[in-house]
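The values are calculated or read from the model by the stated rules, or taken from the named source; none is laboratory data. The shown structure was predicted, so the numbers you read here are calculated from the model rather than taken from an experiment. Cβ placement follows ideal geometry from the backbone for every residue including glycine, while neighbour counts extend to all protein chains displayed. Note: areas computed on protein heavy atoms with side chains; ligands, DNA, RNA excluded. Shrake-Rupley method; radii C 1.70, N 1.55, O 1.52, S 1.80 Å.
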Amino acid sequence: MGKVTHIWQTARDSSQQKLAEEKQAILAAIVASSDDAIISKTLDGIITSWNQSATKMFGFTEAEAVGKHITIIIPKERIDEETMIIESIRRGEKIDHFETVRQGKDGTRKQISITVSPVKDSKGKIIGASKIARDISARAEAEKQGQLYMQRLQELNKYKDDFMVMASHELKTPLTVISANLQILQMMLKADSNLPFLDKTIKQVNKLSALITSLLDVSKIQAGKLALDFTLFDLTLLIEEISSNLQQTTSNQRIIFNNRREILMAHADRERIEQVLVNIIGNAIKYTHDSGEIIIDAGKNGNDIFVDIHDNGIGIAQEDIDNIFLRFYRVSGSASSFSGSGIGLYISSEIIKSHGGKIWAESKIGSGSVFHFTIPAV
Ligand code: ADP
(Lines give C-alpha, C1' and ligand atoms only; values in the text may rest on other atoms or scores of the structure.)
Protein backbone atom coordinates (compact mmCIF):
# COMPACT_ATOMS: atom_id res chain seq x y z
CA MET A 1 0.00 0.00 0.00
CA GLY A 2 2.85 2.30 1.07
CA LYS A 3 4.65 1.58 -2.17
CA VAL A 4 1.56 2.46 -4.26
CA THR A 5 1.21 5.76 -2.42
CA HIS A 6 4.86 6.45 -3.02
CA ILE A 7 4.56 5.74 -6.75
CA TRP A 8 1.44 7.90 -6.99
CA GLN A 9 3.17 10.70 -5.06
CA THR A 10 6.24 10.48 -7.33
CA ALA A 11 4.03 10.60 -10.44
CA ARG A 12 2.20 13.63 -9.07
CA ASP A 13 5.48 15.39 -8.19
CA SER A 14 6.88 14.77 -11.64
CA SER A 15 3.71 16.03 -13.41
CA GLN A 16 3.74 19.13 -11.19
CA GLN A 17 7.39 19.65 -11.97
CA LYS A 18 6.60 19.28 -15.68
CA LEU A 19 3.86 21.89 -15.38
CA ALA A 20 6.19 24.22 -13.50
CA GLU A 21 8.86 23.74 -16.15
CA GLU A 22 6.36 24.48 -18.94
CA LYS A 23 5.22 27.60 -17.10
CA GLN A 24 8.85 28.61 -16.64
CA ALA A 25 9.53 28.08 -20.36
CA ILE A 26 6.52 30.22 -21.33
CA LEU A 27 7.61 33.00 -18.98
CA ALA A 28 11.16 32.83 -20.30
CA ALA A 29 9.85 33.08 -23.88
CA ILE A 30 7.73 36.13 -22.95
CA VAL A 31 10.70 37.82 -21.30
CA ALA A 32 12.96 37.01 -24.25
CA SER A 33 10.56 38.33 -26.88
CA SER A 34 9.43 41.44 -24.99
CA ASP A 35 10.08 44.82 -26.59
CA ASP A 36 10.76 46.21 -23.13
CA ALA A 37 14.07 45.64 -21.42
CA ILE A 38 13.52 43.21 -18.52
CA ILE A 39 16.28 42.99 -15.96
CA SER A 40 16.43 41.34 -12.55
CA LYS A 41 18.87 42.06 -9.79
CA THR A 42 19.62 41.15 -6.19
CA LEU A 43 18.96 43.50 -3.32
CA ASP A 44 22.64 44.44 -3.56
CA GLY A 45 22.11 45.60 -7.12
CA ILE A 46 23.87 42.67 -8.85
CA ILE A 47 22.27 41.88 -12.21
CA THR A 48 20.93 38.33 -12.34
CA SER A 49 19.10 38.32 -15.69
CA TRP A 50 19.13 40.46 -18.82
CA ASN A 51 16.87 39.94 -21.85
CA GLN A 52 17.48 40.69 -25.54
CA SER A 53 15.72 44.04 -25.44
CA ALA A 54 18.00 45.09 -22.57
CA THR A 55 20.93 44.32 -24.88
CA LYS A 56 19.31 46.33 -27.68
CA MET A 57 18.55 49.23 -25.35
CA PHE A 58 21.84 49.46 -23.42
CA GLY A 59 24.39 47.73 -25.69
CA PHE A 60 25.70 45.26 -23.05
CA THR A 61 25.26 41.56 -23.94
CA GLU A 62 23.71 39.21 -21.38
CA ALA A 63 27.18 37.79 -20.64
CA GLU A 64 28.60 41.27 -20.10
CA ALA A 65 25.78 42.43 -17.85
CA VAL A 66 24.91 39.46 -15.62
CA GLY A 67 27.01 39.52 -12.45
CA LYS A 68 27.77 43.27 -12.81
CA HIS A 69 26.30 45.97 -10.65
CA ILE A 70 23.20 47.78 -12.01
CA THR A 71 25.13 51.06 -11.84
CA ILE A 72 26.67 50.15 -15.23
CA ILE A 73 23.56 51.71 -16.76
CA ILE A 74 22.97 54.49 -14.22
CA PRO A 75 24.47 57.93 -14.95
CA LYS A 76 26.71 59.21 -12.13
CA GLU A 77 24.38 62.04 -11.17
CA ARG A 78 21.48 59.58 -10.76
CA ILE A 79 23.18 56.98 -8.54
CA ASP A 80 21.02 58.12 -5.59
CA GLU A 81 17.94 56.92 -7.44
CA GLU A 82 19.18 53.34 -7.09
CA THR A 83 19.35 53.65 -3.29
CA MET A 84 15.82 55.03 -3.29
CA ILE A 85 14.58 52.22 -5.56
CA ILE A 86 16.20 49.46 -3.50
CA GLU A 87 14.79 50.94 -0.27
CA SER A 88 11.28 50.84 -1.73
CA ILE A 89 11.80 47.26 -2.92
CA ARG A 90 13.03 46.18 0.55
CA ARG A 91 9.78 47.61 1.95
CA GLY A 92 7.91 45.46 -0.61
CA GLU A 93 6.76 48.51 -2.62
CA LYS A 94 6.50 48.58 -6.40
CA ILE A 95 7.70 51.57 -8.41
CA ASP A 96 5.41 52.35 -11.33
CA HIS A 97 6.34 54.20 -14.54
CA PHE A 98 9.21 56.15 -13.04
CA GLU A 99 10.55 58.38 -15.82
CA THR A 100 14.29 58.77 -15.67
CA VAL A 101 17.51 58.65 -17.68
CA ARG A 102 19.85 55.68 -18.08
CA GLN A 103 22.99 55.28 -20.12
CA GLY A 104 24.11 52.66 -22.62
CA LYS A 105 27.47 50.99 -23.00
CA ASP A 106 28.67 53.78 -25.30
CA GLY A 107 27.59 56.44 -22.82
CA THR A 108 24.50 57.62 -24.76
CA ARG A 109 21.70 58.79 -22.52
CA LYS A 110 18.23 57.33 -22.89
CA GLN A 111 14.99 58.65 -21.59
CA ILE A 112 13.20 55.63 -20.10
CA SER A 113 10.17 54.75 -18.02
CA ILE A 114 10.82 52.01 -15.47
CA THR A 115 8.61 49.81 -13.36
CA VAL A 116 10.42 47.95 -10.57
CA SER A 117 8.76 45.16 -8.57
CA PRO A 118 10.03 43.08 -5.65
CA VAL A 119 10.96 39.44 -6.43
CA LYS A 120 10.07 37.02 -3.63
CA ASP A 121 11.27 33.46 -2.95
CA SER A 122 8.84 30.59 -2.30
CA LYS A 123 8.59 31.69 1.36
CA GLY A 124 7.64 35.23 0.43
CA LYS A 125 11.00 36.75 1.36
CA ILE A 126 12.11 39.61 -0.88
CA ILE A 127 15.30 38.49 -2.59
CA GLY A 128 15.64 40.98 -5.40
CA ALA A 129 13.90 43.17 -7.94
CA SER A 130 12.68 42.88 -11.49
CA LYS A 131 12.84 45.95 -13.62
CA ILE A 132 10.95 46.65 -16.83
CA ALA A 133 12.36 49.56 -18.80
CA ARG A 134 10.69 51.21 -21.79
CA ASP A 135 12.57 53.55 -24.09
CA ILE A 136 10.58 56.80 -24.19
CA SER A 137 13.27 58.89 -25.93
CA ALA A 138 11.16 59.21 -29.09
CA ARG A 139 8.09 60.26 -27.09
CA ALA A 140 10.14 62.65 -24.94
CA GLU A 141 11.73 64.13 -28.07
CA ALA A 142 8.30 64.54 -29.71
CA GLU A 143 6.99 66.20 -26.53
CA LYS A 144 10.01 68.53 -26.47
CA GLN A 145 9.49 69.41 -30.13
CA GLY A 146 5.76 69.95 -29.48
CA GLN A 147 6.59 72.29 -26.59
CA LEU A 148 9.08 74.18 -28.75
CA TYR A 149 6.50 74.57 -31.53
CA MET A 150 3.89 75.70 -29.02
CA GLN A 151 6.31 78.23 -27.54
CA ARG A 152 7.20 79.51 -31.02
CA LEU A 153 3.52 79.70 -31.92
CA GLN A 154 2.79 81.70 -28.78
CA GLU A 155 5.66 84.05 -29.58
CA LEU A 156 4.41 84.53 -33.15
CA ASN A 157 0.89 85.04 -31.89
CA LYS A 158 2.16 87.68 -29.51
CA TYR A 159 4.07 89.42 -32.33
CA LYS A 160 0.86 89.38 -34.38
CA ASP A 161 -1.18 90.80 -31.47
CA ASP A 162 1.46 93.46 -30.75
CA PHE A 163 1.55 94.34 -34.44
CA MET A 164 -2.23 94.63 -34.58
CA VAL A 165 -2.28 96.93 -31.54
CA MET A 166 0.56 99.04 -32.91
CA ALA A 167 -0.87 99.22 -36.46
CA SER A 168 -4.37 100.05 -35.21
CA HIS A 169 -3.02 102.81 -32.93
CA GLU A 170 -0.88 104.26 -35.68
CA LEU A 171 -3.79 104.21 -38.14
CA LYS A 172 -6.18 105.72 -35.66
CA THR A 173 -4.17 108.83 -34.88
CA PRO A 174 -3.99 110.27 -38.45
CA LEU A 175 -7.55 109.14 -39.10
CA THR A 176 -8.82 111.16 -36.14
CA VAL A 177 -7.07 114.25 -37.53
CA ILE A 178 -8.51 113.61 -41.03
CA SER A 179 -11.97 113.16 -39.56
CA ALA A 180 -11.81 116.36 -37.50
CA ASN A 181 -10.59 118.41 -40.50
CA LEU A 182 -13.27 116.96 -42.76
CA GLN A 183 -15.92 118.01 -40.26
CA ILE A 184 -14.55 121.55 -40.22
CA LEU A 185 -14.60 121.56 -44.03
CA GLN A 186 -18.18 120.26 -43.95
CA MET A 187 -19.24 123.21 -41.81
CA MET A 188 -17.40 125.64 -44.05
CA LEU A 189 -18.85 124.24 -47.29
CA LYS A 190 -22.46 124.19 -46.13
CA ALA A 191 -23.89 125.62 -49.36
CA ASP A 192 -21.27 124.27 -51.75
CA SER A 193 -22.37 121.95 -54.55
CA ASN A 194 -19.43 119.67 -53.78
CA LEU A 195 -20.71 118.97 -50.28
CA PRO A 196 -22.14 115.49 -51.16
CA PHE A 197 -18.60 114.32 -52.03
CA LEU A 198 -17.41 115.48 -48.67
CA ASP A 199 -20.32 113.78 -46.91
CA LYS A 200 -19.47 110.50 -48.64
CA THR A 201 -15.81 110.85 -47.64
CA ILE A 202 -16.78 111.45 -44.02
CA LYS A 203 -18.99 108.35 -44.08
CA GLN A 204 -16.12 106.19 -45.34
CA VAL A 205 -13.69 107.68 -42.82
CA ASN A 206 -16.18 106.86 -40.05
CA LYS A 207 -16.44 103.29 -41.34
CA LEU A 208 -12.66 102.95 -41.38
CA SER A 209 -12.43 104.38 -37.91
CA ALA A 210 -15.07 101.92 -36.62
CA LEU A 211 -13.20 99.01 -38.21
CA ILE A 212 -9.93 100.04 -36.57
CA THR A 213 -11.67 100.37 -33.21
CA SER A 214 -13.09 96.85 -33.67
CA LEU A 215 -9.66 95.45 -34.53
CA LEU A 216 -8.27 97.06 -31.42
CA ASP A 217 -11.09 95.44 -29.42
CA VAL A 218 -10.20 92.04 -30.89
CA SER A 219 -6.58 92.56 -29.81
CA LYS A 220 -7.72 93.48 -26.32
CA ILE A 221 -9.94 90.38 -26.10
CA GLN A 222 -7.10 88.17 -27.34
CA ALA A 223 -4.79 89.62 -24.72
CA GLY A 224 -7.49 89.23 -22.03
CA LYS A 225 -7.43 93.00 -21.55
CA LEU A 226 -11.01 93.98 -22.36
CA ALA A 227 -11.56 96.21 -19.35
CA LEU A 228 -15.15 96.87 -18.27
CA ASP A 229 -16.26 100.05 -16.58
CA PHE A 230 -19.34 99.12 -14.54
CA THR A 231 -22.00 101.73 -13.79
CA LEU A 232 -25.67 101.62 -12.87
CA PHE A 233 -28.05 102.61 -15.69
CA ASP A 234 -31.52 101.97 -17.09
CA LEU A 235 -31.25 99.65 -20.10
CA THR A 236 -34.72 100.68 -21.28
CA LEU A 237 -33.52 104.27 -21.76
CA LEU A 238 -30.39 103.09 -23.54
CA ILE A 239 -32.38 100.91 -25.97
CA GLU A 240 -34.77 103.81 -26.66
CA GLU A 241 -31.88 106.15 -27.38
CA ILE A 242 -30.09 103.67 -29.67
CA SER A 243 -33.30 102.72 -31.52
CA SER A 244 -34.14 106.31 -32.30
CA ASN A 245 -30.55 107.08 -33.39
CA LEU A 246 -30.43 104.05 -35.68
CA GLN A 247 -33.90 104.80 -37.03
CA GLN A 248 -32.40 108.03 -38.42
CA THR A 249 -29.98 105.95 -40.51
CA THR A 250 -32.72 104.00 -42.32
CA SER A 251 -36.03 105.00 -43.79
CA ASN A 252 -36.91 101.53 -45.06
CA GLN A 253 -36.90 99.52 -41.84
CA ARG A 254 -39.07 100.35 -38.88
CA ILE A 255 -37.48 99.83 -35.49
CA ILE A 256 -40.07 99.03 -32.84
CA PHE A 257 -39.19 98.81 -29.16
CA ASN A 258 -41.88 96.97 -27.22
CA ASN A 259 -40.96 97.54 -23.58
CA ARG A 260 -40.95 101.28 -23.13
CA ARG A 261 -42.40 101.40 -19.64
CA GLU A 262 -40.40 98.95 -17.56
CA ILE A 263 -37.28 100.28 -15.85
CA LEU A 264 -34.46 97.76 -16.34
CA MET A 265 -31.63 98.69 -14.02
CA ALA A 266 -28.37 97.12 -15.09
CA HIS A 267 -24.98 97.21 -13.46
CA ALA A 268 -22.79 96.94 -16.54
CA ASP A 269 -20.43 98.75 -18.87
CA ARG A 270 -22.87 101.12 -20.59
CA GLU A 271 -20.64 101.83 -23.58
CA ARG A 272 -19.93 98.15 -24.21
CA ILE A 273 -23.62 97.18 -23.94
CA GLU A 274 -24.37 100.03 -26.34
CA GLN A 275 -21.75 98.54 -28.70
CA VAL A 276 -23.55 95.15 -28.55
CA LEU A 277 -26.97 96.73 -29.22
CA VAL A 278 -25.68 98.88 -32.08
CA ASN A 279 -24.01 95.86 -33.64
CA ILE A 280 -27.04 93.54 -33.41
CA ILE A 281 -29.60 96.18 -34.44
CA GLY A 282 -27.18 97.40 -37.13
CA ASN A 283 -26.93 93.83 -38.47
CA ALA A 284 -30.73 93.51 -38.37
CA ILE A 285 -30.95 96.63 -40.56
CA LYS A 286 -28.12 95.51 -42.84
CA TYR A 287 -29.38 91.95 -43.39
CA THR A 288 -33.06 92.89 -43.84
CA HIS A 289 -34.44 93.73 -47.27
CA ASP A 290 -36.25 97.00 -47.82
CA SER A 291 -39.37 97.66 -45.79
CA GLY A 292 -38.44 95.31 -42.99
CA GLU A 293 -39.44 95.49 -39.39
CA ILE A 294 -37.09 95.20 -36.45
CA ILE A 295 -38.78 94.46 -33.15
CA ILE A 296 -36.97 94.75 -29.85
CA ASP A 297 -38.24 93.13 -26.66
CA ALA A 298 -36.60 93.59 -23.30
CA GLY A 299 -37.59 92.68 -19.78
CA LYS A 300 -36.71 90.78 -16.66
CA ASN A 301 -36.60 87.03 -16.40
CA GLY A 302 -35.69 85.83 -12.89
CA ASN A 303 -32.29 87.29 -12.08
CA ASP A 304 -31.59 88.28 -15.67
CA ILE A 305 -32.42 91.12 -17.99
CA PHE A 306 -33.15 89.77 -21.44
CA VAL A 307 -33.08 91.57 -24.78
CA ASP A 308 -34.49 89.99 -27.98
CA ILE A 309 -33.99 91.60 -31.38
CA HIS A 310 -36.20 90.19 -34.16
CA ASP A 311 -35.80 90.92 -37.83
CA ASN A 312 -37.55 89.62 -40.92
CA GLY A 313 -34.38 89.65 -42.98
CA ILE A 314 -32.44 87.07 -45.00
CA GLY A 315 -32.01 84.65 -42.07
CA ILE A 316 -29.09 82.36 -41.27
CA ALA A 317 -28.75 78.66 -42.10
CA GLN A 318 -28.73 76.24 -39.16
CA GLU A 319 -25.15 75.10 -39.83
CA ASP A 320 -23.91 78.71 -39.55
CA ILE A 321 -25.84 79.77 -36.49
CA ASP A 322 -23.18 78.93 -33.86
CA ASN A 323 -20.27 79.97 -36.05
CA ILE A 324 -21.43 83.56 -36.52
CA PHE A 325 -20.08 84.35 -33.02
CA LEU A 326 -16.59 83.24 -34.06
CA ARG A 327 -13.86 85.71 -34.93
CA PHE A 328 -13.92 86.82 -38.59
CA TYR A 329 -16.73 84.39 -39.48
CA ARG A 330 -19.07 85.51 -42.23
CA VAL A 331 -21.81 83.42 -43.81
CA SER A 332 -20.55 82.57 -47.28
CA GLY A 333 -23.47 83.98 -49.31
CA SER A 334 -23.81 87.21 -47.33
CA ALA A 335 -20.06 87.81 -47.37
CA SER A 336 -20.17 88.78 -51.03
CA SER A 337 -23.49 90.68 -50.98
CA PHE A 338 -23.08 92.75 -47.78
CA SER A 339 -20.04 94.61 -46.56
CA GLY A 340 -18.69 93.58 -43.18
CA SER A 341 -15.71 92.11 -41.36
CA GLY A 342 -17.17 89.26 -39.30
CA ILE A 343 -15.96 90.63 -35.98
CA GLY A 344 -19.01 92.47 -34.60
CA LEU A 345 -20.75 89.40 -33.19
CA TYR A 346 -17.48 87.98 -31.85
CA ILE A 347 -16.85 91.18 -29.89
CA SER A 348 -20.51 91.30 -28.78
CA SER A 349 -20.38 87.74 -27.51
CA GLU A 350 -17.13 88.41 -25.61
CA ILE A 351 -18.64 91.54 -24.05
CA ILE A 352 -21.79 89.68 -22.95
CA LYS A 353 -19.80 86.72 -21.63
CA SER A 354 -17.55 89.01 -19.61
CA HIS A 355 -20.68 90.47 -18.02
CA GLY A 356 -21.69 86.95 -16.96
CA GLY A 357 -24.48 86.85 -19.56
CA LYS A 358 -25.41 84.71 -22.55
CA ILE A 359 -25.86 85.46 -26.23
CA TRP A 360 -27.36 83.27 -28.96
CA ALA A 361 -29.42 83.42 -32.14
CA GLU A 362 -32.32 81.61 -33.73
CA SER A 363 -33.03 81.93 -37.41
CA LYS A 364 -34.67 80.55 -40.50
CA ILE A 365 -33.41 81.24 -43.99
CA GLY A 366 -35.72 83.68 -45.73
CA SER A 367 -37.86 84.36 -42.63
CA GLY A 368 -35.52 86.29 -40.38
CA SER A 369 -33.53 85.99 -37.18
CA VAL A 370 -33.85 86.62 -33.47
CA PHE A 371 -30.77 87.59 -31.50
CA HIS A 372 -31.05 87.11 -27.75
CA PHE A 373 -28.78 88.21 -24.97
CA THR A 374 -29.02 88.35 -21.21
CA ILE A 375 -27.08 90.18 -18.54
CA PRO A 376 -27.54 89.84 -14.77
CA ALA A 377 -30.15 92.25 -13.37
CA VAL A 378 -29.32 94.42 -10.38
P1 ADP B 1 -20.34 91.43 -40.21
O2 ADP B 1 -21.80 91.78 -40.23
O3 ADP B 1 -19.46 92.62 -40.16
O4 ADP B 1 -19.97 90.48 -41.30
P5 ADP B 1 -20.84 90.14 -37.64
O6 ADP B 1 -19.87 89.50 -36.74
O7 ADP B 1 -21.66 91.24 -37.08
O8 ADP B 1 -20.00 90.62 -38.88
O9 ADP B 1 -21.80 89.03 -38.20
C10 ADP B 1 -21.25 87.78 -38.61
C11 ADP B 1 -22.10 87.18 -39.73
O12 ADP B 1 -23.37 86.77 -39.22
C13 ADP B 1 -22.44 88.13 -40.84
O14 ADP B 1 -21.42 88.16 -41.82
C15 ADP B 1 -23.73 87.58 -41.39
O16 ADP B 1 -23.44 86.57 -42.31
C17 ADP B 1 -24.38 86.94 -40.18
N18 ADP B 1 -25.44 87.78 -39.56
C19 ADP B 1 -25.32 88.55 -38.47
N20 ADP B 1 -26.50 89.14 -38.16
C21 ADP B 1 -27.37 88.73 -39.08
C22 ADP B 1 -28.78 88.97 -39.30
N23 ADP B 1 -29.48 89.78 -38.50
N24 ADP B 1 -29.36 88.36 -40.35
C25 ADP B 1 -28.66 87.53 -41.15
N26 ADP B 1 -27.34 87.27 -41.01
C27 ADP B 1 -26.71 87.84 -39.98
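Numbers below:
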read-out: Selection within the range 239-258 - surrounded by 15 or more Cβ atoms within 10 Å (Cβ to Cβ) and free of Cβ contacts under 8 Å to residues at least 12 places away in the same chain; value: GLN247
read-out: Close pairs (6 angstrom Cβ cut-off, 6 or more residues apart or separate chains): in contact (Cβ under 8 Å) with a residue 60 or more places away in the chain in the range 317-333, part of a helix (DSSP H, G or I) anywhere; value: ARG327/TYR346
read-out: Pairs, first closer than 17 Å to ILE347 by Cα in the range 227-238, second open to solvent by less than 80 Å² (accessible area, probe 1.4 Å) and not in a helix (DSSP H, G or I), C-beta under 8 Å, six or more apart; value: LEU228/ALA268; LEU228/ASP269; LEU228/HIS355; ASP229/ASP269
read-out: Scope the range 261-295; condition farther than 22 Å from VAL218 by Cβ and out of contact with any Asp or Glu (no Cβ under 7 Å at 6 or more places or on another chain); matching residues; value: ARG261, GLU262, ALA266, HIS267, ILE285, HIS289, ASP290, SER291, GLU293, ILE295
read-out: Single residue of VAL116, VAL101 found to be without any contact (Cβ under 8 Å) to a residue 40 or more places away in the chain, of a type in the set (A, V, I, L, M, F, W, C), farther than 19 Å from SER34 by Cβ and surrounded by 15 or more Cβ atoms within 10 Å (Cβ to Cβ); value: VAL101
read-out: All positions within the range 65-98 that are free of Cβ contacts under 8 Å to residues at least 12 places away in the same chain and not in a loop (DSSP other than H, G, I, E, B); value: LYS76, GLU77, ILE79, ASP80, THR83, MET84, GLU87
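Here's the yes/no breakdown for (1) open to solvent by less than 30 Å² (accessible area, probe 1.4 Å); (2) away from the ligand (no atom under 12 Å from the Cβ):
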| site | (1), (2) |
| --- | --- |
| GLY299 | yes, yes |
| VAL307 | yes, yes |
| TYR329 | no, no |
| SER334 | yes, no |
| GLY342 | yes, no |
| LEU345 | yes, no |
| ILE351 | yes, yes |
| ALA361 | yes, no |
| ILE365 | no, no |
